[in-house]
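The values are calculated or read from the model by the stated rules, or taken from the named source; none is laboratory data. Not measured: the values here are computed from a predicted model. Virtual Cβ from ideal backbone geometry, glycine too; neighbours counted across all protein chains shown.
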Amino acid sequence: MTPERLESLTASFPEKRIGVIGDFFLDKYIEFDPALDEPSLETGKPAHQVVRMRTSPGAAGNVAADFAAIGAGRLYAVGVIGDDGEGYDLVSALSGIGCSTQYLFRIPERMTPTYMKPRDVSTPGLTGERERYDIRNRTETPADPERRLIGAIETLLPDLDALVLVDQVVEEDCGVLTSAVRLAIADAAERFRNTVFFADSRSRILSYRNVIIKPNQFELAGVKHPSPGDTVSDGELIQSVKKARETVNAPVFVTRGAEGIMISDPEPYTVRGVKVRGPIDPTGAGDAATAGIVCALVSGATYEEAALVGNLAASVAVEKLDECGTCTPAELLDRLRTWLTQGE
């Protein structure tokens, strides 16, 4: 990859139309200052005093934000949220980044999935985050929203360059990408051969068919609780990649943290990552990689080139602390120059 080649790829990003279907969450940061704590008159427990609240799109919404930052031309959100205040905030945030919410269906009987994140403003970085409160639906998604989701897919696909699947809810059939929706997408992928289908799933990555998948090394190797610094050996991962490639009937991109991304096609091979110095925040790095990989693929990149763009984007994102980091085309180019100086 040369800077000229990367500039050629990113120049076409604004022409691309990307659909993101999946579990759209709202990230709600509740920032409090412990110096202002007061005792509750009713319970005697500390009453934390909030000094600021901020919201941003999370999960599939964060993926959409990454596509907006990297320069994708047109974005469409496809999902199911609640008809509630969190849903209003989420729609506003997505509209603010230029993402269409026409197919983000608001259903009164569902809650808008939300990550509520209390933060101690006196402590920087991830250590300032306190116990999180998660709002998500734990009952099966009704049949009518499923039909509306499948209808939205069929309506949008003729005009899309890529459909990106973000499967965040771990409870089976309780999120957007239910078994019925996955089956409909597998069928659509057979019919729309010129469209890139790309999936990221927290717990069901091998349940997808005919779509490119992006697991991390531990998900693919079946490692449930990796410790910091753990890796999966090349030999073990290559075997897992080959098996996954056969199972899903589509290419596989495996993220390996600082080591880079292993691609399955034409043969398993790891595209090295970028060496990053200083403090990092890995939150959202995988989403930045997704945006880089997909935008590169729909712009004519090879799998190897797309994996490199994903590595570059992720390496930029991890340096942005206290946020789900994104990456711009200019930052990609700057990071490529760094990568080229690092050698093998």
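Hey, among V169, V241, V196, V181, which residue is at pLDDT 95 or above, under 28 Å from T127 (Cα atoms) and either crowded, with 16+ Cβ neighbours inside 10 Å or under 18 Å from the mean Cα position of the chain (by Cα) (or both)? So that I can check it myself, show each step before the final result.
Working: V241 fails: under 28 Å from T127 (Cα atoms); V196 fails: under 28 Å from T127 (Cα atoms); V181 fails: under 28 Å from T127 (Cα atoms).
Being at pLDDT 95 or above, under 28 Å from T127 (Cα atoms) and either crowded, with 16+ Cβ neighbours inside 10 Å or under 18 Å from the mean Cα position of the chain (by Cα) (or both) holds for just one of V169, V241, V196, V181, which is V169.
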Self-check item: Selected residue (criterion: farthest from V294 (Cα to Cα)) from residues of region 170-205 that are of a type outside the set (S, T, N, Q) and touching a Pro at 6+ places or on another chain (Cβ under 9 Å)
Solution: G175
Practice problem: Scan R17, R54 and give me the residue that is touching a strand residue (DSSP E or B) at 6+ places or on another chain (Cβ under 9 Å), closer than 29 Å to R136 by Cα, basic (K, R) and surrounded by 16 or more Cβ atoms within 10 Å (Cβ to Cβ). | Solution: R17
Exercise. Find the residue count for region 74-99, including only residues that are buried (at least 17 other Cβ atoms within 10 Å of the Cβ), under 20 Å from the mean Cα position of the chain (by Cα) and farther than 26 Å from E319 by Cβ.
Key: 12
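Can you report the number of residues in region 261-283 which are within 16 Å of the chain's Cα centre (by Cα) and surrounded by fewer than 24 Cβ atoms within 10 Å (Cβ to Cβ)? It would help to see each step written out before you state the result.
Taking region 261-283 as the starting set, the residues that turn out to be within 16 Å of the chain's Cα centre (by Cα) are 261, 281-283.
Still in the running and surrounded by fewer than 24 Cβ atoms within 10 Å (Cβ to Cβ): 281-283.
Looking only at that region, the number is 3.
Quick grid of which residues meet (1) small (G, A, S); (2) free of Cβ contacts under 8 Å to residues at least 60 places away in the same chain:
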{"position": "D27", "(1), (2)": "no, no"}
{"position": "F32", "(1), (2)": "no, no"}
{"position": "L41", "(1), (2)": "no, yes"}
{"position": "M53", "(1), (2)": "no, yes"}
{"position": "I70", "(1), (2)": "no, no"}
{"position": "A77", "(1), (2)": "yes, yes"}
{"position": "D84", "(1), (2)": "no, yes"}
{"position": "A93", "(1), (2)": "yes, no"}
{"position": "I97", "(1), (2)": "no, yes"}
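Restricting the search to region 46-68, which residues are under 18 Å from D287 (Cα atoms) and either among the hydroxyl-bearing types (S, T, Y) or over 13 Å from the mean Cα position of the chain (by Cα) (or both)? Steps first, please.
Restricting attention to region 46-68, the residues satisfying the condition of being under 18 Å from D287 (Cα atoms) are 55-68.
Passing the criteria: T55, S56.
Pull up region 1-58, narrow it to residues that are of a type in the set (G, A, S) and out of contact with any helix residue (DSSP H, G or I) (no Cβ under 9 Å at 6 or more places or on another chain), then point me to the one that is nearest to L177 (Cα to Cα).
By that ranking, first place goes to S8.
Can you name the residue in region 46-104 that is part of a helix (DSSP H, G or I) and hydroxyl-bearing (S, T, Y) and, of all such residues, is farthest from C295 (Cα to Cα)? Write out each step before concluding.
Here is the first cut: in region 46-104, the residues part of a helix (DSSP H, G or I) are 60-70, 85-96.
The next check asks that each one be hydroxyl-bearing (S, T, Y); those that pass are 88, 92, 95.
Values: Y88: 29, S92: 24, S95: 20 Å.
The residue in question is Y88.
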Quiz item: If you take the residues of region 293-344 that are closer than 29 Å to E129 by Cα and among the acidic types (D, E), which of them is farthest from the chain's Cα centre (by Cα)?
Solution: E331
